[in-house]
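The values are calculated or read from the model by the stated rules, or taken from the named source; none is laboratory data. The model shown is predicted, which means the values in this text are computed figures rather than measured ones. Neighbour counts run over all protein chains shown; Cβ positions are idealised from the backbone, glycine included. Only protein heavy atoms, including side chains, enter the accessible area calculation; ligands, DNA and RNA are left aside. Shrake-Rupley method; radii C 1.70, N 1.55, O 1.52, S 1.80 Å.
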Amino acid sequence: MLKKFLLSITIAVVLVCTVVFSVPTESYASREIRTTAFEAYFSNYNSSLWEKADWDNGQMFNCMWVPSQVSIVNGRMVLTLDQGNPGCQYPYKSGEYRTTEYFGYGYYEVRMKPAKNIGTVSSFFTYTGPWDGDPWDEIDIEFVGKDTTKVQFNWWKDGVGGNEYYYNLGFDASQSFNTYGFDWKRNSIDFYVNGVKVHTGNRNIPNTPGKIMMNLWPGIGVDDWLGPYCGRTPLTAEYEYVKYFPNGFPGNQPPPTTPTPTTPPPTTPPPTTPPTATPTTTPVTITKGDINGDGVIDSTDYILIRRYLLGIITDFSYQHGRQAADINNDGQINSTDVALLRRYILGIIHSF
């Protein structure tokens, strides 16, 4: 992405969380790296988890990051691009946010709605660089406001980019919330839209853990990329949640397997065949909400039922997945079941 050639001072982003799992970490270059799942829903601001930027990223961004330009409204984090404060060196102000923790390989996902306006960028990305004492490594999901029917994927390793790829969405991203993600692995990056893999990159893959970041900005001097910004304000980019799964894209995880027991041969064959008793059928216990049958009701089950309702998948790998997904036992799998499962995972209810 062109935007980072001035980014030896880049720092970004912030937010808000109602669900955060336990936080075991591992050390990397004298810092802690998160190694467990992370889910952030935007209902309040938690400064132990997120930062709001209060600086600038350089001339190309043409704005000052100001904490007041990050707001929490109706369960969403909203970045607002507006006219700059009097006396500021930049004509505009906007919001940029980042996690306080560093993250490595794994699947990253955001549910967002970008701004639609020529000359702007709405983003979701991971980044680390010289300011953190690291090489410049970055993975980007960006929306160029002049055409929000496309999303741009890109990545950088030690300051080397040139991996831009535009994907035609088939819809206008600025008109509704959708999910976008990337599965960062040692030798490749898979990019996803609404749970479907749409692009894979496998050259010059970054390897330095970074922070999760989001921002909205009006470019200057990059008209060949963004088009000339017209000065329209206010503009907003909205975010509903951010998620991270260290074991990769949840839909790629194999279902748990049960080893087949081995019956040893009898030591002495019976002289006669005894009458065969009618076998007794042991009833199967199905746990409502445990859609993948792993014995735990968690965010993986929530993702599976959402993908089922969106038509991304047509069945579950667990043989009793449909029964487990019909949480209210009305014979249908619908939004009511999704709402019940979400309330359970959030701890709002404790049983179905």
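Rounded to a whole number, what % of the accessible area of the stretch 196-252 do carbon and sulfur atoms account for, probe 1.4 Å? If you can, show how the numbers build up before the last one.
On the way: 930 of 2170 Å².
Taking all protein chains in place, the stretch 196-252 shows 43 percent carbon and sulfur surface.
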At 1.4 Å probe size, put Ile348, Ile205 in order of accessible surface, largest to smallest. Ile348, Ile205
Can you work out the PRE-style zone for Ile286? Point 7 Å along Cα to Cβ, and I want the residues of the stretch 312-330 with backbone N under 15 Å. 315-330
What is the distance, in nm, between label points placed 7 Å from the Cα along the Cα-to-Cβ direction at Gln59 and at Trp131? 1.9 nm
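By the scheme Lys and Arg +1, Asp and Glu -1, what is the net charge of all other residues having a beta-carbon under 10 Å from that of Ala37? Let's see the in-between values first.
Details: positive: Arg34, Lys243; negative: Glu39, Asp298.
That sum, taken over residues with Cβ under 10 Å, equals 0.
Expressed in nm to one decimal, what extension gain is obtained for the pair Ile72 and Arg322 from 0.36 nm per residue of sequence separation less their Cα-Cα distance? Mind dumping the intermediate values first?
Working: separation 250, 0.36 × 250 = 90.00 nm, distance 3.58 nm.
The Ile72-Arg322 span can extend by a further 86.4 nm.
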In what sequence, highest mean first, do 132-139, 41-48 appear when ranked by Cβ atoms within 10 angstrom? 132-139, 41-48
Only Cα pairs under 8 Å and at least 6 apart count here; give the relative contact order of the stretch 185-234 as a rounded whole percent. 23 percent
In the structure shown, do any of Lys113/Lys288; Lys197/Lys243; Lys185/Lys288 have a Cα-Cα gap over 27 Å, and if so which? Lys113/Lys288; Lys185/Lys288
With DNA, RNA and ligands ignored, accessible area of Asp190 (1.4 Å probe; Å², nearest 10): 10 Å²
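Taking the Cβ of Ala173 as the center, what net charge do the other residues with Cβ under 9 Å away carry, scoring Lys and Arg +1 and Asp and Glu -1?
Working: positive: Lys113, Lys116, Lys150; negative: Asp172.
Within the 9 Å Cβ shell, the charges total +2.
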For Asp190, net neighbour charge (Lys/Arg +1, Asp/Glu -1) across residues whose Cβ lies under 11 Å away: +1
